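Heads up: the structure comes next, in structure tokens.
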Amino acid sequence: MISIVGLVGGLLLLIYLAVRGTNLLIAAPLCAFVVALTGQLPVFSPADNPDVTSFLSAYMNGFAGFVQDWFPMFLLGSLFGKLMEDSGAAASVSHWIIARIGFKHALLAIVLACAVLTYGGVSLFVVAFSVYPMAVSLFREADLPRRFIPATIAFGSVTFTMTSAGSPEIQNWIPIRYLGTSPYAGWMVSLIVALFMAVAGYLWLQLMVRRAQQRGERFQARSTDPHDHGQALPGPLTGLIALLIVLVLAFLLHDLWAQAALVVALLGGVLAVLVFNYKFFLNLRQATSDGVMGALIAIANTSAVVGFGTVARESPAFAMAVDFLTDVPGTPLVGAAIAVTSIAALTGSASGGQAIALPILAPDYLKLGVDADHLHRVVALSSGALDTLPHNGYVVTTIRAICGETHREAYAPLGALSAVIPLIGTALAIVLFSLGL
């Protein structure tokens, strides 16, 4: 019982501290220690048996493992965004977009840019790094409240594209291993749900921004914002080519090199910005330095939260929670959705929710005759709902490290679009599958 209290209490404490703006390098291990203490995990592995899982080993394995897997992408993604910013390429692209679609469609431009990159196979973190400079420029041009930038980026990245049929994101590929399906599983229902989430979410985003403007909120510039070069901006084509190189290389190389394709794609984007816009840089050395520091801060914050999830998975209460959630009564699709999204909420990870639930659910549900394609799509959709609670690594990185906002100001709209809309989309998918689509 105390383990359950510790797991829930540690998670709630982490969410509270994240919202309050506490440094996650302090908050995450502190909350993980609460979980470990109540779960009777030793603080250190015994000297005579170093293989025993302890709080420190579990936390650092999660922390270091994430750095090992993702640091090249964080570094190159941050550099790409900073170079686009300092050269004026991001501002040039934003001016070009505004001139053609108007200020009132600035939100749509950012959402579409994120959607194209995400569906093209670019990592969610990298999309945020890459699009942020353009988003700041567009929000400044349109005089929109900047606290909605994280929500706009997240909406275009982690909702209607991340879990849709055909998406190269890992959340759409994990079920294949357990269900023997394809990335296009349930494509007809997926298309309907994606269109619903895109339209409903965008209308909600517009409504939230409009209400904020009516309350007098406007864009507030910062000294750290991307610079506006005035007449010295490069042509918009140079920035578009750099973005296109990232998209095309990630798409072409994804099946061949998997995650390594992102490194090549981002390196190609960085080189393209340097080659095409070299004479437009204000301070290339400073931009490079800022990019490196931004990557270090972003990956440290995210790894801190991943470490918490790793300790949580070692808690006896976590195993009990998984057993309970995977035995939820009712139709299999409903049970699968509840189990996956709940585990994703506990771990702060969509892929984690799938990887933990599917080995347990898949064999039993397939024996019951559940359609594998239907199960694939429901699992993918539900994993992308409650995973974006305030302690989620992507949420923390996007709000704090990339956009420089606080959870207090920026999380409410982000949570509405990245949690509520996907939950409704999951329910819609279950209904459509039940009707025979």
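Remarks
- Within segment 139-163, residues that are under 15 Å from A385 (Cβ atoms) and without any contact (Cβ under 8 Å) to a residue 60 or more places away in the chain reach partners that are surrounded by fewer than 24 Cβ atoms within 10 Å (Cβ to Cβ) and of a type in the set (S, T, Y) with beta carbons closer than 7 Å, at six or more positions or on different chains, in the pairs T161/Y119; T161/S167.
- A Cβ distance below 6 Å, combined with a sequence gap of six or more or placement on separate chains, defines the contacts here; from segment 220-245, residues that are over 19 Å from S78 (Cα atoms) reach residues that are modelled with pLDDT of 75 or more and aliphatic (A, V, I, L, M) in the pairs P234/A89; P236/V93.
- Residue check, V189 touching a residue at least 40 places away in the same chain (Cβ under 8 Å), crowded, with 24+ Cβ neighbours inside 10 Å and not hydroxyl-bearing (S, T, Y): no
- Qualifying residue in segment 148-158 (condition: surrounded by fewer than 19 Cβ atoms within 10 Å (Cβ to Cβ) and part of a helix (DSSP H, G or I)): no
- Considering residues of segment 403-428 that are in contact with a Lys or Arg (Cβ under 6 Å, 6 or more places away or on another chain) and in a helix (DSSP H, G or I) only, the residue surrounded by the fewest Cβ atoms within 10 Å (Cβ to Cβ): E409
- Residue check, Q231 surrounded by fewer than 17 Cβ atoms within 10 Å (Cβ to Cβ), touching a Ser or Thr at 6+ places or on another chain (Cβ under 9 Å) and at pLDDT below 85: no
- Residue count for segment 24-36, restricted to those that are under 19 Å from A321 (Cα atoms) and out of contact with any helix residue (DSSP H, G or I) (no Cβ under 7 Å at 6 or more places or on another chain): 0
- All of L375, L361, L414 fail the test of being in contact with a Leu (Cβ under 9 Å, 6 or more places away or on another chain) and either touching a residue at least 40 places away in the same chain (Cβ under 8 Å) or of a type in the set (D, E, K, R) (or both), apart from L375.
- With respect to the conditions (1) buried (at least 21 other Cβ atoms within 10 Å of the Cβ); (2) at pLDDT 80 or above; (3) part of a helix (DSSP H, G or I); (4) of a type in the set (V, I, T), V127 lacks only one, and its number is (2).
- Residue selected from segment 336-355 under the condition surrounded by fewer than 24 Cβ atoms within 10 Å (Cβ to Cβ) and either more than 25 Å from the chain's Cα centre (by Cα) or of a type in the set (A, V, I, L, M, F, W, C) (or both), by the criterion farthest from A321 (Cα to Cα): A355
- Picking from residues in segment 234-264 that are in a loop (DSSP other than H, G, I, E, B) and modelled with pLDDT of 80 or more, the one that is nearest to I97 (Cα to Cα) is G235.
- When G201 is tested against (1) surrounded by 16 or more Cβ atoms within 10 Å (Cβ to Cβ); (2) at pLDDT below 85; (3) more than 21 Å from F129 (Cβ to Cβ), exactly one condition is not met: (2).
- Residue satisfying condition, being out of contact with any helix residue (DSSP H, G or I) (no Cβ under 6 Å at 6 or more places or on another chain) and loosely packed, with under 15 Cβ neighbours inside 10 Å, within set L296, L282, L244, L256: L256
- In the condition set (1) crowded, with 23+ Cβ neighbours inside 10 Å; (2) within 25 Å of A416 (Cα to Cα), P390 is compliant with all but (1).
- Selection status of Q213, among the polar types (S, T, N, Q), assigned to a helix (DSSP H, G or I) and either surrounded by fewer than 22 Cβ atoms within 10 Å (Cβ to Cβ) or in contact with a strand residue (DSSP E or B) (Cβ under 9 Å, 6 or more places away or on another chain) (or both): yes
- Looking at segment 1-101, the helices (runs of 4 or more DSSP H) lying wholly inside it that each contain 1 or more residues that are modelled with pLDDT of 85 or more and either of a type in the set (A, V, I, L, M) or buried (at least 23 other Cβ atoms within 10 Å of the Cβ) (or both) sit at 2-20, 24-38, 55-86.
The values are calculated or read from the model by the stated rules, or taken from the named source; none is laboratory data. Because the structure is a prediction, the values reported are computed rather than measured. In this analysis, Cβ positions are derived from the backbone assuming ideal geometry, glycine residues included, and neighbour counts consider all displayed protein chains.
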